[in-house]
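The values are calculated or read from the model by the stated rules, or taken from the named source; none is laboratory data. In this text the structure is predicted, and so the values were computed from the model without any measurement. Because the Cβ atoms are built from the backbone with ideal geometry, glycine has one as well, and the counts that use them run over all protein chains shown.
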Amino acid sequence: MDFGIVTFLTDYGIGPVPLGRAVEERGFGSLFLTEHTHIPASRATPWPAGAPNPQPLPRHYSHTHDPMAALAAIAATTEGITLGTAVSLVNQHHPINLAKQVATVDQISGGRFEFGVGPGWNAEEMVHHGVDPKRPLARMLEHIAAMRAIWTQDEPEFHGEFVDFDPIWSWPKPTRIPPILIAGVGPKVLDRVLGHGDGWIPLPLFDLFTVEQLGERIRELRGRAAAAGRDVNVTLYGATPEALGEYEKAGIDRVLFELPDHETPDRALRELDRFAEFLP
């Protein structure tokens, strides 16, 4: 089982370059960054983590760095760790632009990028981007399909419900199609993983199921993947150090410890040191 870090990287906390170096120096295998382009000042959508309105969201939601820009800086100043998003809200970006950003980070990192994706939860945020909050999944999956075409074809074109473009030239291409990790915990998420992705990012920090129940779903995922002649991986967002043995038994391939948004670099580094105590 691999060990990594996920965090809301903010403008008031530790910077991208020192964080990336610290994660690599301590022996973690990966660093994943979250994304929110903005947070609407007026919000009716409940926070999935449980805070009812009108309670405001934690500060870090509206202060996150752009993950692609931050990951490019980290990629240029690290050597071996996997870098990724957990998750990119792909339906809030035009796929031509996002495909180039992903390919650029992958090129800079030498093929170390993994693309964690999700539809998002904040309806007001989606509306600001022209996304119908009733159909975020359909748009997300179409954007992924359009980006795959751009990454793999010299003269791609795409004609869908949400994305439409005639043949284009777009380089750089990524070193390989970045592994696409589908986030979510709903009843159909395994269908999306098998149909559109290479791995699954469950979010049990929302206490929607037990580790034992997670293991049952992982066994179902792996069985279905094997029947289709495929391999899939499972990356757990927000791991609890005390449950590492249970996670490994459940079949999880990688755990991500969530680094809080400390306002001083020293506190962030001390927290990394605490997580590093659990490395094998």
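Observations on the model:
- From the options Pro67, Pro40, residue that is closer than 25 Å to Ala138 by Cβ and crowded, with 23+ Cβ neighbours inside 10 Å: Pro67
- Residue identified as of a type outside the set (A, V, I, L, M) and under 17 Å from Pro48 (Cα atoms) among Pro202, Pro241: Pro202
- Counting the residues of the range 130-164 that are basic (Lys, Arg) and part of a helix (DSSP H, G or I) gives 2.
- Close contacts from the range 141-161, counting a first residue that is over 21 Å from Asp106 (Cα atoms) and a second that is in a helix (DSSP H, G or I) and modelled with pLDDT of 95 or more, with Cβ to Cβ under 6 Å and a gap of 6+ residues or different chains, come to Phe158/Ala146; Phe158/Ala149; Gly160/Glu142.
- Among (1) surrounded by 12 or more Cβ atoms within 10 Å (Cβ to Cβ); (2) farther than 22 Å from Phe3 by Cβ; (3) touching a residue at least 24 places away in the same chain (Cβ under 8 Å) - the single one Ala228 does not satisfy: (1)
- Looking only at residues in the range 70-104 that are of a type outside the set (A, V, I, L, M) and touching a Phe, Trp or Tyr at 6+ places or on another chain (Cβ under 9 Å), the one that is nearest to Leu137 (Cα to Cα) is Asn91.
- Matching helices (runs of 4 or more DSSP H) fully within the range 1-113 where at least 2 residues are modelled with pLDDT of 95 or more and closer than 17 Å to Glu271 by Cβ: 16-25
- Answer residue from the range 232-270, given it is charged (D, E, K, R) and in contact with a strand residue (DSSP E or B) (Cβ under 6 Å, 6 or more places away or on another chain) and is farthest from Val193 (Cα to Cα) among those: Asp261
- First in the range 19-46 and free of Cβ contacts under 8 Å to residues at least 12 places away in the same chain, second anywhere and part of a loop (DSSP other than H, G, I, E, B) and not small (Gly, Ala, Ser), Cβ under 7 Å, 6 or more apart: Pro46/Pro52; Pro46/Asn53
- For the range 96-108, a residue qualifies if it is of a type outside the set (A, V, I, L, M, F, W, C) and surrounded by fewer than 24 Cβ atoms within 10 Å (Cβ to Cβ), and the qualifying residues are Asn97, Lys100, Gln101, Thr104, Gln107.
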